[in-house]
Amino acid sequence: MTHEPQDEAAKPAAILHVEDEADPPLIFRIDDVLAFCLFWILGGVTFLQFFSRYVLNDSVAWTEEIGRYLLIWVTFFGAAIVFRRRTNIAVEVIVDMMPPNVARVLRFVADMITLSFVILLVWFAWNLTQRMMIQRMTVIDVSMSVVYGGVLVGCLLMLWRAVQALISNAKRGWDPVSDPSQMFD
């Protein structure tokens, strides 16, 4: 009994068949574009900081502070994208195990808690932005309200997406959605 190497190599290929799925269409929205631009500005500032510190041996003073503030902005704009795509962390096992009527009530309660929390975030961000108008940045003579203004814009985007999710869920009667990432499309 002889085994030919070609037969053994051909067998696994016949057993495993993988087809490529079509790529979903790229749809850019305002929060995607803003987060993308902010991310690359952050990358440029961070590279400038690295280059000036380790290659030129003379660090540019404003890069650390501006990099930190850009990271805060990217975080809040990214949170708005997470709200839109519905990719935030959620424990859905308990809700899925409940009877349909109880699951609907729990989804409604979760939407109300989320909306209330985001409204609270907007309120705090608005108050901080107003209070920080007199505070100046350390290196650049710019008001700290600019930094907190970016946080406010990110929170407002989150609020917009949370309201969209609430409306979408209400139209479905808080029934489960098959693909949460396509909720707003």
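The values are calculated or read from the model by the stated rules, or taken from the named source; none is laboratory data. The structure presented is a predicted model; accordingly, all values stated were derived computationally and were not measured. Ideal geometry is used to build each Cβ from the backbone, glycine not excepted, and the neighbour counts take in all protein chains shown. What goes into the accessible areas is simple: the full protein's heavy atoms, side chains included, and nothing from ligands, DNA or RNA. Shrake-Rupley method; radii C 1.70, N 1.55, O 1.52, S 1.80 Å.
See the values below:
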read-out	value
Solvent-accessible area per residue, Å², over region 39-185 with all protein chains present [probe radius 1.4 Å]	64
Estimated distance in nm for a label pair at N101 and L48, the labels positioned 7 Å out from Cα along Cα-to-Cβ	6.2
Electrostatic dipole magnitude of region 57-185 [Cβ: Lys, Arg +1; Asp, Glu -1; Cα centre; debye, to 20]	400
Convex hull (Cα only) mean projected area of region 86-163, reported in nm² to one decimal	6.4
Gain upon complete extension [V93, I72; 0.36 nm per residue less C-alpha separation]	4.3 nm
Where the Cα pairs of region 18-147 fall when distances are cut into 10 Å bins, in %	10, 24, 27, 22, 12, 5, 0
Surface share of carbon and sulfur [accessible, 1.4 angstrom probe, percent] for region 35-99	71
